[in-house]
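Input: a single structure, listed below in structure tokens.
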Amino acid sequence: MVKICCIGAGYVGGPTMAVIALNCPSIEVAVVDISVSRISAWNGDQLPIYEPGLDEVVKQCRGKNLFFSTDVEKHVSEADIIFVSVNTPTKTRGLGAGKAADLTYWESAARMIADVSKSNKIVVEKSTVPVKTAEAIERILMHNSKGIKYQILSNPEFLAEGTAIQDLFNPDRVLIGGRETPEGLKAIQALKDVYAHWVPEDRIITTNLWSAELSKLAANAFLAQRISSVNAMSALCEATGADVSQVSHAVGKDSRIGPKFLNASVGFGGSCFQKDILNLVYICECNGLPEVANYWKQVIKVNDYQKNRFVNRVVSSMFNTVAGKKIAILGFAFKKDTGDTRETPAIDVCKGLLGDKARLSIYDPQVTEDQIQRDLTMNKFDWDHPIHLQPMSPTSVKQVSVAWDAYAATKDAHAVCILTEWDEFKTLDYQRIFDNMQKPAFVFDGRNVMNVEMLRDIGFIVYSIGKPLDPWLKEHACCA
Ligand code: NAI
């Protein structure tokens, strides 16, 4: 029986391995992690991450051919194929701080593999890593090999949180990069055989190692660039009276462009886009390509601009001050159908409003109070380390309360900011919300999910990103 071990039981390692286990009953899959709490959650009723469909997949194979364990060394030493899906945060200190990927966790995983292995292994990069990481990993393994042979493959993950299970069952493509030697090709084939249990052959792409590593960074940069492009347009739409949804629709009908990923919003978030672009920028700079680096940097700058613009719009609409005013924040996760808050635009928007002395009442169906407080007090990039290693601020933000539902969050509020496109926000009783709010009552829709006419009929002053402005907002638009 082929044995697979995955180091890192996070958003990628957990769902990816669960889907492999379900589709490959003849393969034994162990997912290991240094975080005891994460592994006990994977073994319990409340899984550590929320992802539609994940519970069912895990329940079907856990204890049969899918195991979660903290016994990292045992499972690594027994495995034929080892996936490494550990954190690759942005460095906060030293060379490349603020841009380069921190490979501390990767390196320690590689050294541990070298220490405990007693048979030949295929080591698969599942984490997103800088181009040429495989070379560094190869060196660590070879120099400590004790005669054992390793083949390194790059198999970046393209799943999107919120639709991870669907994406894993039916991927647009699976990418496998490896050495173009007989041993390398054999290793590529072994991994191909795993995916071939459920992925059609023409969707499994094989490349050299460096192309696979770079393709992941490139794909995320292209996706984020589309969002920054439409967000840049949204500012121009507001200035000219054009409607960004109409512009996106018209642009997306061009088959060369396509309709997906063209929704204007308060900005992109998630653990990957910013980190991967910063990483790409750093690699370009290191390779003497400052013009290319600056091109991609702009994608992040526009994203920051969009979050600031939103905060400025809120403050300027509300008589240029939100000091002491209660503002309800609906949605904190970086997108719907996930509880993940890593790099969510809600963090910057909330910090911006707190900077203007607002009082915030936050509701998100999947994010806990503890997580929200951690996010609002943590330093930039600290969120991307294993949870038990994250530095914690001893204080919480007093001006922030977390509500059980949208009605409690909005009671007596002056304004509502919709920061995540959760479906339930579309069907709330907005008349009831309006009746319980201070007047004038504002809605700032950062995701363009609301029926603006309906809200205006109730009496709200409404701002929707990139849409023709409410007459009130035009009058108060001086600073936005
Ligand atoms: P995560 O933070 O959810 O999971 C990483 C896990 O690795 C943590 O549970 C941590 O405790 C564990 N870990 C760290 N060092 C370890 C070690 N030496 N031994 C055992 N366990 C260790 O991170 P996530 O989101 O799963 O991301 C992992 C990688 O996949 C990152 O490189 C990320 O950029 C990439 N990625 C993430 C995607 C996403 O949507 N979250 C999508 C595609 C790629």
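The values are calculated or read from the model by the stated rules, or taken from the named source; none is laboratory data. The structure presented is a predicted model; accordingly, all values stated were derived computationally and were not measured. Here the Cβ is made from the backbone with ideal geometry for all residues, glycine too, and neighbour counts use every protein chain on show.
Got a number for residues in segment 115-153 being within 13 Å of the ligand (Cβ to nearest atom) and farther than 23 Å from LYS275 by Cβ?
So the answer is 2.
Checking the condition more than 16 Å from the ligand (Cβ to nearest atom) and surrounded by fewer than 23 Cβ atoms within 10 Å (Cβ to Cβ), which residue from LEU103, LEU95, LEU54, LEU47 passes? Explain how you work it out, then say what you get.
Working: LEU103 fails: more than 16 Å from the ligand (Cβ to nearest atom); LEU54 fails: more than 16 Å from the ligand (Cβ to nearest atom); LEU47 fails: more than 16 Å from the ligand (Cβ to nearest atom).
Matching residue, one of LEU103, LEU95, LEU54, LEU47: LEU95.
Kindly provide the set of residues from segment 57-69 that are more than 16 Å from the ligand (Cβ to nearest atom) and of a type in the set (Gly, Ala, Ser), ordered by number.
GLY63
Can you confirm whether segment 172-184 contains a residue that is within 30 Å of ASP202 (Cα to Cα), away from the ligand (no atom under 16 Å from the Cβ) and small (Gly, Ala, Ser)?
yes
For residues that are part of a loop (DSSP other than H, G, I, E, B) and within 15 Å of the ligand (Cβ to nearest atom), scanning just segment 1-13, find the one that is nearest to GLY270 (Cα to Cα).
So, considering only residues that are part of a loop (DSSP other than H, G, I, E, B) and within 15 Å of the ligand (Cβ to nearest atom), the one nearest to GLY270 (Cα to Cα) is TYR11.
Please work out which residue is nearest to the ligand (Cβ to nearest atom), limiting yourself to segment 14-43 and to residues that are assigned to a loop (DSSP other than H, G, I, E, B) and among the β-branched types (Val, Ile, Thr). Steps first, answer last, please.
At the first step, the residues of segment 14-43 found to be assigned to a loop (DSSP other than H, G, I, E, B) are 24-27, 33-35.
Subsequent filtering for residues that are among the β-branched types (Val, Ile, Thr) retains 27, 34.
Values: ILE27: 20, ILE34: 4 Å.
Checking each candidate, the answer is ILE34.
Can you name every residue in segment 152-184 that is of a type in the set (Gly, Ala, Ser) and either part of a helix (DSSP H, G or I) or within 18 Å of the chain's Cα centre (by Cα) (or both)?
Those that are of a type in the set (Gly, Ala, Ser) and either part of a helix (DSSP H, G or I) or within 18 Å of the chain's Cα centre (by Cα) (or both): ALA160, GLY162, ALA164, GLY184.
Any chance you could count how many residues in segment 366-378 are touching a residue at least 24 places away in the same chain (Cβ under 8 Å) and either under 12 Å from ILE329 (Cα atoms) or in a helix (DSSP H, G or I) (or both)?
Counting residues in segment 366-378 that are touching a residue at least 24 places away in the same chain (Cβ under 8 Å) and either under 12 Å from ILE329 (Cα atoms) or in a helix (DSSP H, G or I) (or both) gives 6.
Here are some conditions: (1) under 29 Å from GLU135 (Cα atoms); (2) surrounded by 18 or more Cβ atoms within 10 Å (Cβ to Cβ); (3) not polar (S, T, N, Q). GLU238 meets all but one. Which one does it not meet?
Result: GLU238 fails condition (1) only.
Would you point out which residue out of GLU107, GLU157, GLU73, GLU138 is under 30 Å from ASP382 (Cα atoms) and in contact with a Ser or Thr (Cβ under 8 Å, 6 or more places away or on another chain)?
GLU157
Show the residue pairs meeting these rules: Cβ distance below 6 Å; 6+ apart or different chains; first residue within segment 66-93 and more than 21 Å from PRO15 (Cα to Cα); second residue in a helix (DSSP H, G or I) and within 10 Å of the ligand (Cβ to nearest atom).
From residues that are more than 21 Å from PRO15 (Cα to Cα), the pairs are THR90/LYS275.
Restricting to segment 44-63, count the residues that are without any contact (Cβ under 8 Å) to a residue 40 or more places away in the chain and either closer than 13 Å to ALA9 by Cα or part of a loop (DSSP other than H, G, I, E, B) (or both).
Within segment 44-63, residues that are without any contact (Cβ under 8 Å) to a residue 40 or more places away in the chain and either closer than 13 Å to ALA9 by Cα or part of a loop (DSSP other than H, G, I, E, B) (or both) number 6.
Please determine whether any residue of segment 333-344 is more than 16 Å from the ligand (Cβ to nearest atom) and in contact (Cβ under 8 Å) with a residue 12 or more places away in the chain.
No: segment 333-344 contains no residue that is more than 16 Å from the ligand (Cβ to nearest atom) and in contact (Cβ under 8 Å) with a residue 12 or more places away in the chain.
Scan segment 307-364 for residues that are over 23 Å from PHE434 (Cβ atoms) and touching a Cys at 6+ places or on another chain (Cβ under 6 Å) and jot them down.
ASN312 - this is the single residue of segment 307-364 that is over 23 Å from PHE434 (Cβ atoms) and touching a Cys at 6+ places or on another chain (Cβ under 6 Å).
State the number of residues belonging to segment 78-125 that are within 21 Å of GLY178 (Cα to Cα), assigned to a helix (DSSP H, G or I) and either outside the structural domain of GLN151 (by the TED database) or within 24 Å of the chain's Cα centre (by Cα) (or both).
3
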